[in-house]
Amino acid sequence: MGLAVSCPRCGGDLRPPGLAHSDWVCERDGPVPPLHTAQHVNHDVFACAVKRAAEAGLPVWCPWPLPTGWTVTGVAWAGDERSGVSATALACSGPTPFSDGPADVLLVAEDPGVGLGARYAGIAGPDPGPAFVDPPASHGSHAKVKADGHPTPLWAVSTPDDRSAYAGEARGRWLYAVTWPAQAGYLLSEEVVLQDLTDWLPAELVYGALSRACARAVESTSLLPVRTLLVCLARICLNDSRQAPLLIR
């Protein structure tokens, strides 16, 4: 059990702040907010992640109620104690009639320029504009969700063949919905209701093994040991101003 730390744009390693600079730095993308991906998900991990996001006013979107047979299978957030959270990601997984294995859905909320949603969508980024299949101003939405009780249009973006992705705006931030396999995008053909977990974290949420997208992020990055993770989560929950210790590969 631990936290993986990586670049939100490419998934690469980061150099932590030091005497020469105050930012987390990726060799490819330069200064970026560090992406923290939980190796394991349960109510306590989610409660701390949600508290961190709430302090920055950033939503953590989750389909609610979950479709039958689906579980929550991952959580990640970008940012540190100095800059605050600038992006969140929640994964859920479950059965689909259009593929042999389980489907994964990843919901990303982020400030402009972070690039986390673009990374999972498989587009250049950091924002979706150039990748929209049809310009939003000239075409009706391709999918629609209800985010925080408000109808929220989403537009398809060009993606690799193994996934589908849609992007729009909710609460003044980018909202991405990415599905694997591509056929699982049918889930967004019906109006999906999204709950912001920073407003209410349902005790009935069911947690499962990590989704493939989250598992890849964890496997490619060094992890915090259990004791260090507990210290990190405790500091987040207690709103400690000190930077929680992080281990970078």
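Trypsin sites (Lys or Arg not before Pro), restricted to region 35-134: which are DSSP loop and have at most 14 other Cβ atoms within 10 Å?
Arg82
If the only charges are +1 at each Lys and Arg Cβ and -1 at each Asp and Glu Cβ, what is the size of the charge dipole of the chain around the Cα centre, to the nearest 20 debye?
500 debye
Rounded, prolate or oblate: which fits region 44-156 when a ≥ b ≥ c are the square roots of the eigenvalues of the alpha-carbon gyration tensor, with rounded for a/c under 1.5 and prolate only if a/b beats b/c?
It comes out oblate by the Cα gyration axes.
Using mean projected area of the Cα convex hull in nm² as the read-out, say which of (1) 25.2; (2) 22.2; (3) 12.8 was calculated from these coordinates.
Label (3) holds the value from this structure.
For region 38-54, what does the Karplus curve 6.51 cos²θ - 1.76 cosθ + 1.60, with θ = phi - 60°, yield as ³J(HN,Hα) per residue in whole Hz, taken in order and with x for Gly and Pro?
Listing the rounded values in order: 6, 6, 9, 10, 7, 4, 5, 4, 5, 4, 6, 4, 5, 4, 4, 5, 4 Hz.
Rolling a 1.4 angstrom probe over the protein heavy atoms, how many square angstrom per residue are accessible across the chain?
44 Å²
Which ³J(HN,Hα) values in Hz, rounded to whole numbers, follow from the phi angles of region 136-142 under the Karplus curve 6.51 cos²θ - 1.76 cosθ + 1.60, where θ = phi - 60° and Gly and Pro get x?
x, 5, 10, 8, x, 5, 8
Summing -39500 (n - 2.57) over the DSSP H runs of n ≥ 4 in the chain and dividing by its residue number, what mean residue ellipticity at 222 nm do you reach, to the nearest 500 deg cm²/dmol?
Rounded to the nearest 500, the figure is -4500 deg cm²/dmol.
Give me the net charge for the shell around Arg171: Cβ to Cβ below 14 angstrom, other residues only, Lys and Arg +1, Asp and Glu -1.
Within the 14 Å Cβ shell, the charges total -4.
How much of the accessible area of region 27-100, probe 1.4 Å, is carbon plus sulfur, in whole percent?
52 percent
Work out from phi, with θ = phi - 60° and the Karplus expression 6.51 cos²θ - 1.76 cosθ + 1.60, the ³J(HN,Hα) of each residue of region 163-174, listed in order in whole Hz, and give x for Gly and Pro.
8, 10, 8, 9, 9, x, 10, 8, 6, x, 10, 5
If the elastic network links every pair of Cα atoms under 10 Å, which of Ser141, Ser211, Ser99 fluctuates the most in the Gaussian network model of the chain?
In this elastic network of the chain, the residue with the biggest mean-square fluctuation among Ser141, Ser211, Ser99 is Ser99.
The values are calculated or read from the model by the stated rules, or taken from the named source; none is laboratory data. Everything quoted here is computed from the prediction, not taken from an experiment. Every residue, glycine as well, gets a Cβ built from its backbone with ideal geometry; the counts of neighbours run over all protein chains shown. Just so you know, the surface numbers come from the protein's heavy atoms only, side chains and all, with ligands and any DNA or RNA stripped out. Shrake-Rupley method; radii C 1.70, N 1.55, O 1.52, S 1.80 Å.
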